[in-house]
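Structure first, commentary second.
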Amino acid sequence: LFMNHGVAFLDLFVEHLHKLVADKQEASQRCAAEIISGLVKGTKHWSYDNMQKLQQELTPILKVVLNNMTCETFNDWGTCFAAMFEGIDVSRLGWILKIVEDSVIEECSSALLCGRLFMLQAAILQHPWRFASYSNKLLKRFKDAGMLHHPYQNVRDRMAKYYFLF
C-alpha cells in the first residue's frame, strides 16, 4: 500500500526540508540529511511517475544543500549519500548524481568543493563495480574544467581519491 501512496507523504516533508537546508546549523543539516536519506531509500519500489515527483521536489532542495553545507556537516551529507545509494538501483538515482556532479564544476570555496566531492564519492563507493566508467568520465570532466591544477591542496587531494577508487 505504501509503495503506491508514498508520494503523498513527500508533501508533508518538503516544506520542512526547505527550512532545514536553508539553516546552516549542524542539527538542522543533520536532520535534513536523515530525512532525505529516508525519503530516497523509501522509493525503492515507487513508480516512474512518483520518482518524477520526488525529483521535482528534491532537486531545488539538494541545490540548496550543495551551497549551504558546512565543514561540520560534510560527514552527515556523505552518510546521507552513502545510505541513499546503498542497495538501490543506481539508474533510478542518476539525477541526484548529476546535480552533485554539476555543482562540482561551479565556482565555490575549496571547503565546499571538497564536501561536494565527498558526497559524490560516498555514493560511488556503494557500487564500485558499476562506477568505473562513471569515475573515468568524472575525471575527464575535472580535467576539461582545469580542476586538476586547483590552487588548493585539499581539493587536489580529494580529486586524487577518484584515481584510487578502482
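The values are calculated or read from the model by the stated rules, or taken from the named source; none is laboratory data. What you see is a predicted model; the values in this text were computed from it and never measured. No Cβ is skipped: glycine too gets one built from the backbone with ideal geometry, and neighbour counts run over all protein chains shown. The protein model used for the area step is the full one, side chains on, heavy atoms only, and it has no ligands, DNA or RNA in it. Shrake-Rupley method; radii C 1.70, N 1.55, O 1.52, S 1.80 Å.
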*Shape of the chain from its Cα gyration tensor (a ≥ b ≥ c, root eigenvalues): rounded if a/c is under 1.5, otherwise prolate when a/b > b/c, or oblate?*
oblate
*In the structure shown, do any of LYS41/LYS161; LYS98/LYS143; LYS19/LYS53; LYS19/LYS63; LYS41/LYS140 have a Cα-Cα gap over 22 Å, and if so which?*
LYS41/LYS161; LYS41/LYS140
*Tabulate in residue order the Karplus-calculated ³J(HN,Hα) for the range 100-114, using 6.51 cos²θ - 1.76 cosθ + 1.60 with θ = phi - 60°, rounded to whole Hz; enter x for Gly and Pro.*
5, 4, 5, 5, 5, 7, 5, 6, 6, 5, 5, 5, 5, 4, 4
*Excluding PHE74 itself, calculate the net charge of residues whose Cβ lies under 12 Å from the Cβ of PHE74, where each Lys or Arg counts +1 and each Asp or Glu counts -1.*
0
_Run the Debye formula on the Cα coordinates of the range 23-76, all scatterers equal and no solvent, and tell me log10 I(q)/I(0) at q = 0.14, 0.30, 0.31 1/Å._
-0.41, -1.19, -1.23
*Surface share of carbon and sulfur [accessible, 1.4 angstrom probe, percent] for the range 62-130*: 54 percent
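If you average over every viewing direction, what projected area does the convex hull of the Cα atoms of the range 77-166 give, in nm²?
Spelled out: convex hull of the Cα atoms, projected over all directions, averaged, 5.3 nm².
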*asked:* Between ASP144 and ASP11, how high is the FRET efficiency from 1/(1 + (r/R0)^6) when r is the Cβ-Cβ distance and R₀ = 30 Å? Nearest 0.05.
replied: 0.15
*How much accessible area per residue does the chain have, in Å², with a 1.4 Å probe?*
52 Å²
*Lys and Arg at +1, Asp and Glu at -1: add these up for the other residues within a Cβ distance under 10 Å of ILE105 and post the number.*
-3
*the range 61-166: trypsin sites (Lys or Arg not before Pro) in DSSP coil with no more than 15 other Cβ atoms inside 10 Å*: ARG130, LYS161
*What net charge is computed for the residues neighbouring PHE118, neighbours being all others with C-beta under 10 Å from the C-beta of PHE118, Lys and Arg scored +1, Asp and Glu -1?*
+3
_Roughly how far apart, in whole Å, are the Cα centres of the range 66-136 and the range 1-65?_
16 Å
